[in-house]
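Chemist: Take a look at the following structure, please.
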Amino acid sequence: MRVAVIGAGAAGCFCAIELKRRRPDAEVDVFESGRKPLAKVAITGGGRCNLTNTFAGIRSLAEAYPRGEKLMKRVFRTFDHESTYRWFTGEGIDLVAQEDECIFPASQDAMQIVRLLMRRMRELGVNVMTGTKIDSVSTLMGEYGCVVVTVGGIPKESGYSLLEGLGLDLIPPVPSLFSFNLPESPVCKLMGAVVENAGTSLAGTRFKASGPLLVTHWGMSGPAILKLSSYAARHLAESSYEATLLVNWLDSGEQETRALLEKIAKENPAKMVANAHPEEIPSRLWEYLVSKCGTRDDARWGELGSKGFNRLAGTLVSDSYRIRGKSRYKEEFVTCGGVALSNIDLETLECRKHPGLFFAGEVLDVDAITGGFNLQAAWSTGYRVAATIAGKE
């Protein structure tokens, strides 16, 4: 059995390792256009490699995977996040779970993961050929019994040349996981301010998210923004990254927020509004919000009338900002789009039109929010393809 794997990223390398373990007699060739295998793994998670997530608090896979939930449900039956934990600890990698449920190697060194995967491929006899660009899948299909495409998303400029002539439904890729640019917004002067649990949404849509929010010198970032960018990736692309961002600074309803403000007023009637605030909101940000809603700088809590409470509560619950553009989040460069899932058998990840052709990883129209979920998709889909091919005669 001869198998070609296109792409030496997480999905491709993991697939090659698992395939050789099941079928030592198979000849497995991995083709990588770049100079180094696993280059993206080496820098993910800020160079610490966020391998997976505990999935604690994830009520539905759709929360983690805005696109590809049904596929992930299928592949999780054979290899889920707990399987990933066991696989890497079984290979001698100590893992730790952070408070945010992200799982990293205890060494906090992504290269430990890269070295492990490279070592296993060498030991198993996987042939890795770097600096080798494959221009056509069709050509390889004539030379190999099975071909696995695991390239990390399909760049627009490629014109899908890799998959040309196969008659597949391809969804144009657009960026996911990015922060929002708020040019000329006064809030940017508060760069570094963090709210641990804010709610975010896009006006006029159903897209919403919550979590820590970070004010930056260009706009806003943090999990609450990154999740929202993932959920609304295609909508924002179609809107040329212009939209109205609504921030609920306490991630609570207006009635609940007003009750909190009234409690603060009752306990601090003589204090200025700008000086007594909800503990969840940093003082600098609070002063900005008080000013934004029209409250006088010298106003005291005991003087704040009904209209003043309403304006302040309204600003806290639905603070509006104009998004004009995006910025890539650190080393993340996830895309949504790629090979439509209608092209493949969701159980085996084999192409319906072309037996022997498989897809795994980000080349599929599957992507996730930040937190280790995208790498988990790579491990799970790579494993599923390996198991399928290994079972073939």
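Chemist: Please find, among ARG296, ARG311, ARG284, the residue that is part of a loop (DSSP other than H, G, I, E, B) and basic (Lys, Arg).
Modeler: Of ARG296, ARG311, ARG284, the one residue that is part of a loop (DSSP other than H, G, I, E, B) and basic (Lys, Arg) is ARG296.
Chemist: Filter the stretch 75-133 down to the residues that are within 26 Å of PHE359 (Cα to Cα), charged (D, E, K, R) and in contact (Cβ under 8 Å) with a residue 60 or more places away in the chain and list them by number.
Modeler: The answer is ASP80, ARG120, LYS133.
Chemist: If you take the residues in the stretch 279-301 that are touching an Asp or Glu at 6+ places or on another chain (Cβ under 8 Å) and under 15 Å from ALA198 (Cβ atoms), which one is surrounded by the most Cβ atoms within 10 Å (Cβ to Cβ)?
Modeler: Top of the filtered list is LEU289.
Chemist: Against the conditions (1) surrounded by 24 or more Cβ atoms within 10 Å (Cβ to Cβ); (2) not in a helix (DSSP H, G or I), where does LEU346 fall short? Just the number, please.
Modeler: Answer for LEU346: the failing condition is (1).
Chemist: Picking from GLY371, GLY382, GLY338, which residue would you name as being surrounded by 22 or more Cβ atoms within 10 Å (Cβ to Cβ), in contact (Cβ under 8 Å) with a residue 40 or more places away in the chain and assigned to a loop (DSSP other than H, G, I, E, B)? I'd like the intermediate steps shown before the answer.
Modeler: Working: GLY382 fails: assigned to a loop (DSSP other than H, G, I, E, B); GLY338 fails: assigned to a loop (DSSP other than H, G, I, E, B).
The conditions single out GLY371.
Chemist: Is it the case that some residue within the stretch 321-335 is surrounded by fewer than 17 Cβ atoms within 10 Å (Cβ to Cβ), of a type in the set (S, T, N, Q) and either farther than 21 Å from ALA64 by Cβ or out of contact with any Pro (no Cβ under 8 Å at 6 or more places or on another chain) (or both)?
Modeler: So far as the stretch 321-335 goes, yes, one or more of its residues are surrounded by fewer than 17 Cβ atoms within 10 Å (Cβ to Cβ), of a type in the set (S, T, N, Q) and either farther than 21 Å from ALA64 by Cβ or out of contact with any Pro (no Cβ under 8 Å at 6 or more places or on another chain) (or both).
Chemist: Within the stretch 265-275, is even one residue of a type in the set (A, V, I, L, M, F, W, C), open to solvent by 60 Å² or more (accessible area, probe 1.4 Å) and touching a Ser or Thr at 6+ places or on another chain (Cβ under 7 Å)?
Modeler: Checked against the condition, which is being of a type in the set (A, V, I, L, M, F, W, C), open to solvent by 60 Å² or more (accessible area, probe 1.4 Å) and touching a Ser or Thr at 6+ places or on another chain (Cβ under 7 Å), the stretch 265-275 yields no hits at all.
Chemist: Looking at the structure I just gave you, is GLU69 surrounded by fewer than 22 Cβ atoms within 10 Å (Cβ to Cβ) and not hydrophobic (A, V, I, L, M, F, W, C)?
Modeler: Spelling it out, GLU69 is indeed surrounded by fewer than 22 Cβ atoms within 10 Å (Cβ to Cβ) and not hydrophobic (A, V, I, L, M, F, W, C).
Chemist: May I pose another question? Look through the stretch 104-127, keep the residues that are touching a helix residue (DSSP H, G or I) at 6+ places or on another chain (Cβ under 6 Å) and not in a helix (DSSP H, G or I), and return whichever of them is farthest from GLY92 (Cα to Cα).
Modeler: It comes out as VAL126.
Conditions (1) basic (Lys, Arg); (2) open to solvent by 60 Å² or more (accessible area, probe 1.4 Å); (3) farther than 21 Å from ARG35 by Cα, marked per residue:
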{"position": "ASP100", "(1), (2), (3)": "no, yes, yes"}
{"position": "PRO105", "(1), (2), (3)": "no, no, yes"}
{"position": "ARG120", "(1), (2), (3)": "yes, no, no"}
{"position": "GLU123", "(1), (2), (3)": "no, yes, no"}
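Chemist: Another question, if that's okay. Based on what the data block shows, is THR84 within 22 Å of ALA386 (Cα to Cα), surrounded by 14 or more Cβ atoms within 10 Å (Cβ to Cβ), modelled with pLDDT of 95 or more and under 22 Å from the mean Cα position of the chain (by Cα)?
Modeler: yes
Chemist: Now for a separate question. Counting just the residues of the stretch 89-98 that are assigned to a loop (DSSP other than H, G, I, E, B) and within 16 Å of PHE14 (Cβ to Cβ), which one comes out least open to solvent (accessible area, probe 1.4 Å)?
Modeler: ILE93
The values are calculated or read from the model by the stated rules, or taken from the named source; none is laboratory data. Values in this document were obtained by computation on a predicted structure and should not be read as measured data. Every residue, glycine among them, receives a Cβ derived from its backbone with ideal geometry; neighbour counts consider all protein chains shown. Quick note on the areas: whole protein, heavy atoms, side chains included, nothing else; ligands and nucleic acids left out. Shrake-Rupley method; radii C 1.70, N 1.55, O 1.52, S 1.80 Å.
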